[in-house]
């Protein structure tokens with residue numbers, strides 16, 4: 001005669017069986033990822049550089065993942081509004097933060113972020129990199145950086161520059177430019193590149209520091225004039241536009257990158273799936289050509305490489321924010 005099982009034994013067996021079901025279901029879900037649409041949270045409005053780059057790769061991601069990619073623009077606070085939304089999303093791979101390197105700048109100027117840039121995200125990989133470009137309304141009486149510096153020193157009250165928001169690469173480029181040239185200009189933050197470009201074209205603001213994709217078509221059509229780029233080498237998209245350092249401004253470099261992140265605790269198989277798709281997309285000649293047309297170069301790489309970039313850049317921007325007295329306006 002078999003001994004009777006105790007209630008505790010029965011309960012333990014039931015719990016273990018349920019855990020097995022949960023673990024099996026979780027593993028199956030990861031193996032089938034994705035089995036529904038994936039949302040790319042772009043923390044800037046439509047028309048800006050981040051939005052442009054996301055839409056360039058959108059179709060190929062859809063083809064490789066076999067599911068629709070929904071671009072969800074959530075602008076505000078230099079990208080922090082959309083980043084917080086992504087940080088708080090379920091860690092299942094169905095919400096992806098598609099952002100630029102304001103992701104590592106914001107901790108330097110926003111002391112009370114509601115999320116931790118390092119702890120609350122897992123890296124997927126770097127999509128592309130490119131310079132910031134200094135553009136002006138065609139009516140601004142300066143066609144070179146030297147002429148702009150002279151104008152700023154003669155009539156500082158007349159000049160202001162726009163950016164896609166506090167903590168954006170354009171904001172840092174503008175403040176670093178002021179620091180290195182000894183000029184004064186008022187910073188006017190926008191919620192994204194699209195609205196900023198519109199106001200500079202209309203003459204509401206004379207100058208703009210922005211990623212090349214947001215301004216490229218307007219420079220080519222003469223609605224904006226390009227004065228300089230922020231990197232140490234010229235942009236392949238605008239080879240005739242000098243770097244800031246070339247114009248005689250010392251120790252000036254602000255590089256920009258676009259990258260993908262997911263909420264912390266996203267399963268590794270999901271991260272690996274997204275990373276493989278990213279590397280496949282940016283390796284395609286058609287995508288690389290489209291990126292290059294916007295002044296961007298496809299990058300790719302491992303999640304670990306992007307994680308190292310994030311860890312290295314945060315203290316770099318903290319130092320610059322202190323040296324240039326950059327604060328959230």
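Only the coordinates and a few stated rules stand behind these numbers; no lab work does. Fair warning: this is a prediction, and the values are worked out from it, not measured in the lab. Every residue, glycine among them, receives a Cβ derived from its backbone with ideal geometry; neighbour counts consider all protein chains shown.
Quick check on the chain: helices-only [θ] at 222 nm, where DSSP H runs of length 4 and up contribute -39,500 (n - 2.57) each and the sum goes over total residues. Nearest 500, please. List each step's numbers first, then the result.
On the way: 11 runs with 146 residues, N = 329.
The helix-only estimate for the chain comes to -14000 deg cm²/dmol at 222 nm.
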Completion exercise
Candidates for Rg and Dmax of the Cα atoms in Å are (1) 18.9, 57; (2) 23.1, 103; (3) 20.8, 61, and the calculated one carries label (2)
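What's the exposure ranking of 123, 168, going from fewest to most Cβ atoms within 10 Å?
Values: 123 22, 168 32.
Ranked by crowding around the Cβ, least crowded first: 123, 168.
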Fill in the blank from the handout: Note: residue 316 to residue 183 extended length (0.36 nm per residue) minus current alpha-carbon separation gives 45.6 nm
Fill in the blank from the handout: Rounded to the nearest 10, the angle in degrees between the Cα long axis of helix 7-31 and the longest principal axis of the Cα atoms of the chain comes to 40
Handout entry: Length-normalised contact order for region 134-246 - Cα pairs under 8 Å, 6+ apart - percent
Key = 34
Handout entry: Along principal axes, Cα extents of region 131-247, largest first, whole Å
Key = 31, 29, 28
Handout entry: Whole-number percent relative contact order across the chain, with pairs defined as alpha carbons under 8 Å at least 6 apart
Key = 26
Exercise for the section: Could you tell me how many degrees, from 0 to 90 and to the nearest 10, lie between the Cα long axis of helix 268-283 and the main elongation axis, the longest principal axis, of the Cα atoms of the chain? Expected result: 40
Practice task
Taking the chain as the reference, fit the longest principal axis to its C-alpha atoms, fit the long axis of helix 145-154 to the helix C-alpha atoms, and give the angle between the two in degrees, 0 to 90, nearest 10.
Solution key: 70
Handout entry: region 131-247: antiparallel DSSP beta bridges as a percent of all, rounded to 5
Key = 55
Practice task
Starting with the fewest neighbours, write out 191, 288, 265 ranked by other beta-carbon atoms found within 10 Å of each beta-carbon.
Solution key: 265, 288, 191
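Ranking 171, 103 by Cβ neighbours within 10 Å, fewest first, what do you get? Mind dumping the intermediate values first?
On the way: 171 28, 103 25.
Starting with the residue having the fewest Cβ neighbours, the order is 103, 171.
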